[in-house]
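See below for the structure under consideration.
The values are calculated or read from the model by the stated rules, or taken from the named source; none is laboratory data. Bear in mind the structure is a predicted one, so any value in this text is a computation, not a measurement. Because the Cβ atoms are built from the backbone with ideal geometry, glycine has one as well, and the counts that use them run over all protein chains shown. With ligands, DNA and RNA removed, areas are computed over all heavy atoms of the protein, side chains included. Shrake-Rupley method; radii C 1.70, N 1.55, O 1.52, S 1.80 Å.
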Amino acid sequence: MRRREPGGRVESLGPRQTSQGRDESPEERADRRWNELLQEVRVIQTGVQILFGFLLTVVFTPRFATLGPTDRTIYVVTVLLGAATTGALIGTVTFHRLVAGHRLKPETVYWASRLALVGIVLLLATVTSALLLILRIAMDNSAVPWVVAGLVAWFVVCWFGLPAWALHRYSSRG
């Protein structure tokens with residue numbers, strides 16, 4: 001049996017075998033992958049909601065009035081990034097909701113996982129911007145960009161580098 005996956009890739013499979021060697025139909029595989037994606041989005045969405053909620057309250061604090069124009073700009077950019085992050089992550093669920101029942105589960109998983117990845121990249125930008133703002137106010141010195149850059153590098157290693165390394169390292173095995 002040959003089947004075209006989203007993105008145009010064609011794979012030859014037995015009647016119930018996927019390329020991962022599981023005994024599941026394409027529909028079962030899509031259901032499993034959707035459930036995994038949904039759990040991942042639930043974990044990240046909680047943190048994003050807390051961060052975004054905090055960012056929305058900052059403008060109403062007395063200290064906000066004392067911020068200079070640069071810090072206000074960083075704040076606005078941070079809030080916009082937080083909103084964009086929230087939109088991408090919630091988009092994974094609304095995508096599913098709008099196409100549910102149209103026999104598009106594999107395509108839904110494909111596009112919703114792309115939205116989740118966009119959300120993660122936007123979260124990296126949001127956290128970077130929030131760290132820059134907070135550390136500029138807390139430290140007020142020239143080390144702030146270096147501290148933020150170090151933390152961003154750490155996030156990139158944890159969120160992208162390590163998974164990429166594991167994929168390269170272990171998928172090359174027979």
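Legend: calculated FRET efficiency, Asp71 to Val156, from the Cβ-Cβ distance at R0 = 22 Å, rounded to 0.05, equals 0.30.
What the Kirkwood sum gives for the stretch 32-126 is a hydrodynamic radius of 14.5 Å, with every pair of different alpha carbons counted. Using the rule -39500 (n - 2.57) for each DSSP H run of four or more residues, divided by the residues of the chain, the 222 nm mean residue ellipticity is -25000 deg cm²/dmol. The fraction of all Cα pairs in the chain landing in successive 5 Å bins from 0 to the largest distance is 1, 7, 13, 15, 16, 13, 10, 8, 6, 5, 3, 2, 1, 0, given as whole percents. Per residue, the chain exposes 64 Å² of accessible surface when a 1.4 Å probe is rolled over the protein heavy atoms with every protein chain present. At the listed q of 0.15, 0.17, 0.20, 0.21 Å⁻¹, the Debye profile of the stretch 81-174, built from one uniform point per Cα, gives log10 I(q)/I(0) equal to -0.76, -0.86, -0.98, -1.01.
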